[in-house]
Every structure is written in C-alpha cells, then in structure tokens.
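Okay, so here's the structure we're looking at.
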Protein chains: 2
Amino acid sequence: MPPEKLAFVGGTGPEGLGLAVRFAAAGHSIIIGSRSLERAQEAAAKVRAKAPAADVEGRVNQEAVEAGEIVVVTIPFAGHRDTLEALAPSIGAKIVIDVVSPLVFEGGQIRALPVPEGSAAQQAQALLPGAAVVAAFHHLDAGSLMNVENPLDADVIVCGDHPQAKLRTMALAEQIASVRALDGGPLANSRYLEEFTAVLLTLNKNYNAHTALRIVGIGGGGKPGSR
Amino acid sequence: MPPEKLAFVGGTGPEGLGLAVRFAAAGHSIIIGSRSLERAQEAAAKVRAKAPAADVEGRVNQEAVEAGEIVVVTIPFAGHRDTLEALAPSIGAKIVIDVVSPLVFEGGQIRALPVPEGSAAQQAQALLPGAAVVAAFHHLDAGSLMNVENPLDADVIVCGDHPQAKLRTMALAEQIASVRALDGGPLANSRYLEEFTAVLLTLNKNYNAHTALRIVGIGGGGKPGSR
C-alpha cells in the first residue's frame, strides 16, 4: 500500500506509541499529537529510536490532525469527548481510527463504562459527523507493539460503516507483521470489541500474560476478503 | 475427572445438543431437558446416535434439573427469565452453567439486547440466589460441536464468582478435545463474553465461516492455572 500520513491524537501513551512504532517501521509518516508540544516531541523521538528510517514528528493535537490524512485516536476515555469536540473542525471529513476502550479499574476489577452513544467509536462518530470513523486495534498489547522486531501473533477486528475507510484500516493493520485484519461489521459492533478488552486485561492479570486474539475457522489460514 | 450428571435446560436446540454430544462422548451422564417430554426424548436419541456408549435420557426441564448435579442453560434468551424463575426451587444450590447470549437479529445485523441485571448469567444468578452460576461456552460453534470426531480448536473463557463451580466448569470444558479453558474473572465479565458472540456471528456471516476464539500469549502453549 502507499505510505499514509497518520496523526495520533494522544500518541504519547503506551498504545499510541506502540501503534506509531509499528506503522513508522512499515514506512508510513507519523505525526504524534499531544496537548503538550514538548511531550509530543519526546514521544516522536521514542518512535524514531525504534524506527530510525521513519518520518516522525511531534506536534500539538490540532496541528497533528490538520497535517495527517488518517487520524488515530489513542487517548484515555476520560478525555475522549472533550478532545474530539475541540478537534472536530480540524478533523473534518478525514478517516478516524478509534482505538479507545471505555474501561475503569475499580477494586481490583476492570469494568466497561456505559457510553450514551453506545461505544467510544460511536461517540466519536456522533461528535465528528463528517468523518469516517472506524473502530480497530483495541486488542493489541502495547508492550508487544513496542517490540517492533517481533511479529505480532494477533487478529485485528475492524468495525465501521464507511467501507473505504474500513478497507484502508484493514490494509494498514496488515502492515504489522503477522497481523490479520477481519471485517467485524458495522460501527454498532464496536462496543463488543471495546468491552472485550476488559476480558483480555483480566486474562493478563490472571495469567501474568500479554494476551491477544486469534479467530479460528476463517478460510484455510488465508486472509479472505481482507484487502 | 469423575463423570458428572449434567442436566440441559433447553437441550433440544443446536448449542445444547452440541455440548451434550461432546460431554456424552467424554463419559458424562446427560439428561436433556425440554418443555416437551417427546422433544427431549428425540434430542436424547440424537445424542445417543453420536455417542452410543453414553448414558443419555430425555425429561421435562423440571425433572431434568432435579436429576442433574450441574445444570447447563442453553435456551434462547427470550425464555431465559421465565424458565429459570419457574425452575428455581428445583435448581436450589446447584452449579448452573449459563451459555445464553442475549442477541437479536434485526435488519441483517446482530445486536446484543440490554439485560437489566447486566448479562444473561447475572440475570440467572439474580433469579437463582442459592445457585453457583458460571458463564461459559458462548463461543463454541454448534455445528462444530456436533462433529464429535473432530477436536475443537477453541478456548473457552469461564466467568463466575464461585471458585469451585468455576474450576469444575473449566475441567469440564477441557474434556472437549483440544479445548483450553481460561479463567475470565468474575461473573460481571460475563456480559463481555455474551456480547462478543455478536462479533463471532458477524464474522461467520462476513466470511461464510464457523469461527471460534483462541487467546494468544498465555503460557508456552500450556494450560496454566486451568485445573
């Protein structure tokens, strides 16, 4: 696929950083966004350290999304609504890949928070009516993403109502070595993906593990319909 | 493990029948429950056809749960509340494995129904306060279960608040060849399992497949903590 220009909103956290490293290593241009220019530039330096040949820069969130072609949202859910509301004019009609899982840690347990719109990704679509919102990448472990020299034994299930945006996201996902992208249906299914993250985090805790998901029973181990 | 006496509430549907076949083949005693004695006995005959050496009988639901040690609930969600309410005195303090996913098919899409108690399994626990309710087996394809000569390439994630009931359910799950059981945490996590069934059914439709789930990244391919 041709190189994409990817802007990360909240690219300084572990999930954003991990995805940025993988996509930088695959030859895409990366703009790490943050509320703080200094932290964005620090994070960009971390990505460059893992992918020295890559085109990576740090900017404040608004400049990042203005410069990017595809916006990747990797902020904590607590800031999801306010951040996207503020960035809506800059995001306009772009593709938005929402990676956010609305989870809270309480009394040693992980719990999904109710979202009035249904899911974080549906909230993004409601706040960004002109954009093509896709939900993906919730189940990739941040630490495993950072080990860019290792292939990632994982499937990425992608949900969305905009077919072209979904196909572009699926192609992007498969730029991560060993990842298979699967079409998980409409954006309304994103809640089930987001909340399933709570199960994977519970398994990580119960088994001291870094879990990911594989779907068995599709094709003959091939990648049907995913490009 | 010693043989269990398993009573299926709604054992005439494809999921109940499939699980009954697997557990019968593993040497457990099976009582297929139904509202109709005739349909229960027909289903029992289908199970015996797949597992000729097994101890299998058909009874009406109430007699089935009275005779069983472990109750497996495989009814459609539409009848979940009324059926369990009626059977509560007969179920008493038994182990109840709830396999129900509260889903509805609408306009070509699959959608999870809201459940006031949180999930079908949490509803079961609320209706059966003396019982030890466990949620499991949602993600096993009914058709694949019926092919009892084939191992099942799948993980079974088990949620529950009663440790002994959970361990017994996990041991039971691993009686199905190639299945690995995983401790998915408290019963509150059951909603994420139930609703994820909607994603697997969407994938089945999108890829004309019979999907199941494998969790990657736990142990060295071993079965840590699962027995």
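The values are calculated or read from the model by the stated rules, or taken from the named source; none is laboratory data. This is a predicted model, so every value here is computed, not measured. Positions of Cβ are backbone-derived with ideal geometry, glycine not excepted, and every protein chain shown enters the neighbour counts.
Close Cβ contacts (under 9 Å, 6 or more residues apart or on different chains) running from residues in region B:202-215 that are without any contact (Cβ under 8 Å) to a residue 24 or more places away in the chain to residues that are in a helix (DSSP H, G or I) comprise B:ALA209/B:LEU203. Does A:PHE77 satisfy the condition of being modelled with pLDDT of 95 or more, out of contact with any Phe, Trp or Tyr (no Cβ under 6 Å at 6 or more places or on another chain) and of a type in the set (Phe, Trp, Tyr)? In short, yes. Of the residues contained in region B:112-122, none is found to be under 24 Å from B:LYS46 (Cα atoms), touching a residue at least 12 places away in the same chain (Cβ under 8 Å), buried (at least 23 other Cβ atoms within 10 Å of the Cβ) and of a type in the set (Ser, Thr, Tyr). Do we have B:VAL179 as in contact with a Lys or Arg (Cβ under 6 Å, 6 or more places away or on another chain) and without any contact (Cβ under 8 Å) to a residue 60 or more places away in the chain here? No: the conditions fail for B:VAL179.
When the criteria are applied in full, B:ARG111 fails the requirement of being basic (Lys, Arg) and either in a loop (DSSP other than H, G, I, E, B) or farther than 29 Å from A:CYS159 by Cα (or both). In region B:114-128, which residues are closer than 13 Å to B:GLU85 by Cα and assigned to a loop (DSSP other than H, G, I, E, B)? Within region B:114-128, just B:LEU128 meets the criteria.
Of all residues in region B:21-60, which are in contact with a strand residue (DSSP E or B) (Cβ under 6 Å, 6 or more places away or on another chain), hydrophobic (A, V, I, L, M, F, W, C) and more than 20 Å from B:GLY79 (Cα to Cα)? Even if it seems obvious, please write down each step before you answer.
Initially, region B:21-60 is screened for residues in contact with a strand residue (DSSP E or B) (Cβ under 6 Å, 6 or more places away or on another chain), giving B:23-24, B:28-33, B:37, B:40-41, B:43-44, B:47-48, B:55-59.
Imposing the further condition that a residue be hydrophobic (A, V, I, L, M, F, W, C) reduces the set to B:23-24, B:30-32, B:37, B:40, B:43-44, B:47, B:56.
Result: B:PHE23, B:ALA24, B:ILE30, B:ALA44, B:VAL47, B:VAL56.
Pairs linking a residue in region A:33-62 that is free of Cβ contacts under 8 Å to residues at least 40 places away in the same chain and over 12 Å from A:PHE8 (Cβ atoms) to a residue that is in a helix (DSSP H, G or I) and of a type in the set (D, E, K, R), with Cβ atoms under 8 Å and 6 or more positions apart or on different chains, are A:ALA54/A:ARG48. Reported count of residues in region B:140-156, each being under 18 Å from B:VAL73 (Cα atoms) and either touching a Phe, Trp or Tyr at 6+ places or on another chain (Cβ under 7 Å) or crowded, with 21+ Cβ neighbours inside 10 Å (or both), is 4. Yes or no: A:SER101 within 13 Å of chain B (Cβ to nearest Cβ), buried (at least 22 other Cβ atoms within 10 Å of the Cβ) and either in contact (Cβ under 8 Å) with a residue 60 or more places away in the chain or acidic (Asp, Glu) (or both)? The answer is yes for A:SER101.
Tallying residues that are facing chain B (nearest Cβ under 7 Å) and among the polar types (S, T, N, Q) within region A:162-191 yields 1.
Residues considered: A:LEU167, A:LEU182, A:LEU187, A:LEU213. Of these, the only one that is under 16 Å from the mean Cα position of the chain (by Cα), surrounded by fewer than 19 Cβ atoms within 10 Å (Cβ to Cβ) and farther than 24 Å from A:ARG48 by Cα is A:LEU167. Which residue is nearest to B:ALA212 (Cα to Cα), if the candidates are limited to region B:132-161 and must be among the small types (Gly, Ala, Ser) and more than 12 Å from chain A (Cβ to nearest Cβ)? Among residues in region B:132-161 that are among the small types (Gly, Ala, Ser) and more than 12 Å from chain A (Cβ to nearest Cβ), the one nearest to B:ALA212 (Cα to Cα) is B:ALA142.
When region B:28-76 is filtered for residues that are assigned to a strand (DSSP E or B), of a type in the set (Ser, Thr, Tyr) and closer than 24 Å to B:GLY143 by Cβ, only B:SER34 remains. Condition first: charged (D, E, K, R) and facing another protein chain (nearest Cβ under 7 Å). Now tell me which residues in region B:192-220 satisfy that. Selection gives B:GLU195, B:ARG214. Of the listed requirements (1) under 30 Å from A:LYS205 (Cβ atoms); (2) out of contact with any Lys or Arg (no Cβ under 8 Å at 6 or more places or on another chain); (3) surrounded by 23 or more Cβ atoms within 10 Å (Cβ to Cβ), A:LEU87 misses just one: (1).
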